[in-house]
């Protein structure tokens, strides 16, 4: 059976229950594990002690647009910076990643002559939950 | 009654309307005959680029070329006219349109007349929706 190829076009992305596929050019959910290494008399021993997940998003700026993600993020960051926002990543093959991530301040401005873009690195509040259907 | 948007109306048509203020004939598609000075909006390569994730919304980057053309009667005068036309096109560019580089002017023969033509790269983003 051939491998099912899943592309970025197969992903749907929602933040605080709103779909933002139209502004999102890339989205990745990345883990940075903390593994402590001990040098014992018998060689190296490893202990996985922590995880820090990060939701990385590449975006087209949409200031002023209807249902603007940038304005919503600005409001979330300025009014409730310690309240994590729910996010969901769903691929076409049915794998769904759900979690919460803390808001970040959107960057304003751009570089001529390109379109205004931004990159967000949102720290996740906990380990995302994978649901396969 | 809601109607679906189209690239012809909402991208090329909007650009042609904005360029109507320049002192030139404006064509949103390639015309059979060009009356200089003129601005002709033609697709660039690649024409439509998918840049966003997901399939729920169709959003593409539209790459266009605005060809600025003036009559080539006198070399120095034609280049001056072309430069002025290109600058006026840049000034008239509507919001949301990314202006790129202007390519080297070339002489093109259209019918019985020679034209001095330079291509200006323009791009913007289009979302398929119903308004």
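Expressed to the nearest 5 percent, the antiparallel share of DSSP beta bridges inside the protein assembly as shown is 95 percent. Across chain A, Cα pairs under 8 Å and at least six residues apart give a relative contact order of 27 percent.
All C-alpha pair distances within the stretch A:8-50, sorted into 5 Å bins from zero, spread as 5, 16, 16, 12, 7, 8, 10, 8, 8, 7, 2, 0 percent across the bins. Within 10 Å of the Cβ of each residue in A:28-41, the mean number of Cβ atoms contributed by other protein chains is 0. Sort out for me the Cα centre separation of the stretch A:15-46 from the stretch B:27-91, rounded to whole Å. Answer, in whole Å: 45. Model label points for residue A:31 and residue A:71, set 7 angstrom from Cα along the Cα-to-Cβ axis, are 3.8 nm apart. Value of Rg to Rh for chain B, rounded to two decimals, is 1.03; Kirkwood radius and Rg both from alpha-carbon coordinates. Counting other Cβ atoms within 10 Å as a rough exposure proxy, the listed residues B:39, A:124 run A:124, B:39 from fewest neighbours to most. Projected label points at residue B:130 and residue B:50, each 7 Å from Cα along the beta carbon direction, are separated by 2.2 nanometres. Taking a point 7 Å from the Cα of residue A:129 along the Cα-to-Cβ direction, the residues of the stretch A:16-60 with backbone N closer than 17 Å to it are A:16-17.
With r defined as the distance between the Cβ atoms of residue A:10 and residue A:51 and R0 fixed at 35 Å, what FRET efficiency is calculated, to the nearest 0.05? That gives a FRET efficiency of 0.85.
Based on the Cβ-Cβ distance from residue A:41 to residue A:111, what FRET efficiency comes out when R0 is 51 Å, to the nearest 0.05? About 0.35, to the nearest 0.05. When each of the peptides B:59-71, A:57-69 is scored by how many other beta carbons lie within 10 Å of its residues on average, the order from highest to lowest is B:59-71, A:57-69. Each peptide in B:45-55, B:101-111, B:78-88 receives the mean, over its residues, of other Cβ atoms within 10 Å, and ordering these scores from highest gives B:78-88, B:45-55, B:101-111. Every pair of different Cα atoms in the stretch A:90-133 enters the Kirkwood calculation, which places the hydrodynamic radius at 13.2 Å. Compared with the dominant Cα axis of chain B, that is its longest principal axis, helix B:75-92 is turned about 20°.
Peptide A:108-115 shows a mean partner chain C-beta count of 3 within 10 Å per residue C-beta.
In the calculated pair-distance distribution of the protein assembly as shown, the portion above 26 angstrom amounts to 56 percent of the Cα-Cα pairs.
Only the coordinates and a few stated rules stand behind these numbers; no lab work does. Model, not experiment: these values are computed from the prediction. Methodologically, a virtual Cβ is constructed for each residue, glycine included, from the backbone with ideal geometry; neighbour enumeration extends over all protein chains shown.
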